[in-house]
Amino acid sequence: MVRTEELLLNVGPQHPSTHGVLRIVVKLDGEVITEADPVIGYLHRGTEKLAEGLNYTQIIPYTDRMDYVSAMTNNYVLVNAVETLMGLEIPEKAEFLRLIVMELQRIASHLVWWGTYLLDIGAMTPFLFAFKDREIIINLFNELSGARLTYFYMRVGGVKWDAPDGWIEKVRDFIPYMRGRLGEYEDLVGGNEIFLARIKGVGAYDAQTAIDYGLSGANLRSAGVKWDLRKDQPYSLYDRFEFDVPVGRNGDCYDRYTVRMEEIRQSLRILEQAVEQFPHEGEIMGKVPRVIRPPEGEVYSRIESPRGEIGCYIVSKGKAEPYRLKFRRPSFVNLQILPKLLIGESMTNLVTILGSIDIVLGEVDC
Amino acid sequence: MSDENKKIDNIDGKSTPSEETVERIEQIQAADPKVQTTSEPSDPPAAELQEQQEKEEKAKAAAKAREERAKARAAKQEAAEPSEEKPKEPSRNQPRLDRAVQLIKENISEAAVEEAFINERDRDLPYLIIKPQFWTECAALLKDHEELQLNYLRNVSGTDQESHLEVAYHLVSLSTKQEFCVKIKTDRDQPSIPSAVDAWSTANWNEREIYDLLGIVFTGHPDLRRIMMPDDWVGHPLRKDYIPIDPEV
């Protein structure tokens, strides 16, 4: 009997594969993980505490910095909560612009995930492909808002800037281009036996576990649960468009991979319809009082971000600042299942499993 | 506010000409005897008379406008009153709320539900206020009962209401599509609420975050420790009476 010794290993907080400032205290028996404890909070900035002293427009830039890979959906969840509380009506053109930027953002976010995930597993080239194509989307956002990552684009009641001349045409041209690139991505890695061996059957959980842990997004749908807020609790204009919700079967890393790749295709499908129906005439800002003062009461707004359900809970006392504002961050909730998945796995699979969950530490720590 | 100020200004602005008009009329009347005494200058009296008539007409028009505005305001007030008096139609979620309350009272305790209402501002979301001592049983019932099946705990929020602390659990059923918000209140001095980890595993980190930032102790929690702030932090930042270590200068 070969005697082994328990080893305590800190993965992070500065580690290229933790996708941000995350520390995982791992106990190892040889190369097998017996216990894992994620330590979070390194990026905690007290966003919710700060929000109590700001008016609602001032809070929007903070949402950009929670999930900096998906700032547009973060903007939307806050302004939607305030609009619901105030009972505001949003002009159709503004909602079209919001929907278009949210779907472009979903594609950009999934491209970042795809490139960095394969980089984690050892494939260097896909990262370059992904970031090159993502740059097209970022340039579109740059033309729209003047920013690359933190847009501050949406406002309570609408959006700040209209689409410049020719912008919608650029989005229209991007759709077939991206479809072609997805085909190349699949040729590049989809059938690679090493890649498939690394992700099939790894980090699996069943639907009941996913629901019990409150997972959302691809982490939930990979286990076979067909739950997507764009369809099940529609917001914005999503009930106008036809698209499918991809689901997996086994809840492993491979299913999460295929679900996200298919989600890009469905986003392109939504964009195609939105661009075709885009109302070029109309207002981009509804009738909103100069000082936004929601009535007393509370509201919970929830939408589908690329990482899952992002929610915004507001308790208002009828003032210009929220009495209490709480963000339900999908990365924070999804990361919780990591210790359970890591027990019995090897150190190599730690990186594979962590990457497949797709977290952004800016929103975990909030 | 600004609208009211504008209206007041308008009223003041228009009342001034009427005063001036009155003064001028008096002056003209005072001048009348002189005019009658001397019959030679006939043109000036005619011109003055015309001016007088014009000013009188303006004053009358202003008075009419004022009356019309007052009538319009009265009409608006009358219109507003009956709409307020109309009874509110019951929300589409009222039957679900009533059924949930009934199930809780039948299976757990008549005294478990402190309050139940529909939050109209949040898409008619049903709200349940549950007493802390009954929360563990309620959580199990809400999750496992075949009529409810609230298997997805989507959000847990703690709030300092200054008179008390409270935790809001937002629940949704992925099968029956029902939605509820369950609130549990606790006092500020020694806040304590039973943990919901046994019902929904996702409550683990969520409750740790609330413990960290608000100081609410979740009894029965398997691993209650800080999750955001450093372990040696003093105080709970989201409490309304929290004193920052580095207050702004």
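The values are calculated or read from the model by the stated rules, or taken from the named source; none is laboratory data. Everything quoted here is computed from the prediction, not taken from an experiment. Positions of Cβ are generated from backbone atoms using ideal geometry, with glycine treated the same way; all protein chains shown enter the neighbour counts. Note: areas computed on protein heavy atoms with side chains; ligands, DNA, RNA excluded. Shrake-Rupley method; radii C 1.70, N 1.55, O 1.52, S 1.80 Å.
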- prompt: Carbon and sulfur: what percent of segment A:1-61's accessible surface (1.4 Å probe)?
  reply: 55 percent
- request: Figure the gain on full extension for residue A:293 and residue A:6 (residue separation times 0.36 nm, minus the Cα-Cα span) and round it to one decimal in nm.
  value: 97.6 nm
- request: Go ahead and estimate [θ] at 222 nm for chain A from helices alone: -39,500 (n - 2.57) per DSSP H run with n ≥ 4, summed, over the residue count, rounded to 500.
  value: -14500 deg cm²/dmol
query: For segment B:132-249, what is the Kirkwood hydrodynamic radius in Å, using each pair of distinct C-alpha atoms?
result: 15.0 Å
Interface size B-A, as summed buried accessible area [1.4 Å probe, Å², nearest 100]: 3800 Å²
query: Just which residues of segment A:274-306 lose 10 Å² or more accessible area with every protein chain there, against their chain alone, with the probe set to 1.4 Å?
result: A:295, A:296, A:298, A:299, A:300, A:302
statement: Full extension between residue A:42 and residue A:172 adds, at 0.36 nm per residue less the Cα distance, a length in nm of 42.7 nm
- line: If one builds a Gaussian network model of chain A from Cα atoms under 10 Å apart, the most fluctuating residue listed among A:290, A:155, A:269 is A:290
message: Just to confirm a number: summing +1 for Lys and Arg and -1 for Asp and Glu over residues other than residue B:164 whose beta-carbon lies under 11 angstrom from that of residue B:164, what do you get?
response: -2
message: Please report the accessible area of residue B:185 (heavy atoms, 1.4 Å probe, ligands and nucleic acids excluded) in Å², nearest 10.
response: 60 Å²
- request: Pop a pseudo-label 7 angstrom from the Cα along the beta-carbon direction at both residue A:132 and residue B:188 and give the gap in nm to one decimal.
  value: 6.1 nm
- prompt: Mean Kyte-Doolittle of at least 1.0 and a Cα length of 18 Å or more along the axis: which whole DSSP H helices of chain A meet both?
  reply: none
- prompt: Among the GluC sites (Glu not before Pro) within segment A:272-303, which fall in a DSSP loop and have no more than 11 other Cβ atoms within 10 Å of their own Cβ?
  reply: A:281
query: Size of segment A:14-77 along its principal axes in angstrom, Cα-based, largest extent first?
result: 53, 22, 19
task: Estimate the FRET efficiency between residue A:29 and residue A:139 by the formula 1/(1 + (r/R0)^6), using the beta-carbon distance for r and 41 Å for R0, to the nearest 0.05.
output: 0.25
query: Hey, quick one: spin label on residue B:124, modelled 7 Å out along Cα-Cβ, who in segment A:229-269 has an amide N within reach, i.e. under 16 Å?
result: A:234
- prompt: Tally Lys and Arg at +1 and Asp and Glu at -1 over the other residues with C-beta under 10 Å from the C-beta of residue B:233: what net charge comes out?
  reply: -2
query: Just the accessible area for residue B:163, please: 1.4 Å probe, Å², rounded to the nearest 10?
result: 90 Å²
field: Debye log10 I(q)/I(0) at q = 0.15, 0.19, 0.26 Å⁻¹ for segment A:94-160, Cα point scatterers
entry: -0.52, -0.73, -1.08
Cα gyration tensor shape for segment A:152-269, rounded if a/c is under 1.5, else prolate or oblate: oblate
- prompt: Cα-based Rg of segment A:42-365 per 2.2 N^0.38 Å, rounded to two decimals?
  reply: 0.98
task: Enter the accessible area per residue of segment A:38-197 (Å², integer; probe 1.4 Å; all protein chains in place).
output: 36 Å²
task: Report the net charge of residues surrounding residue A:139, where surrounding means a beta-carbon distance below 12 angstrom and charges are Lys +1, Arg +1, Asp -1, Glu -1.
output: +1
- prompt: Cα convex hull of segment A:2-154: mean projected area in nm², to one decimal?
  reply: 12.2 nm²
field: segment A:282-333, Rg to Rh (Cα coordinates; Rh as Kirkwood inverse mean 1/r)
entry: 1.08
statement: The ratio Rg/Rh over the Cα atoms of segment A:119-207, Rh being the Kirkwood inverse mean 1/r radius, stands at 1.12
- prompt: Hey, got the Cα dimensions of segment A:236-366 along the principal axes, in Å, largest first?
  reply: 57, 41, 21
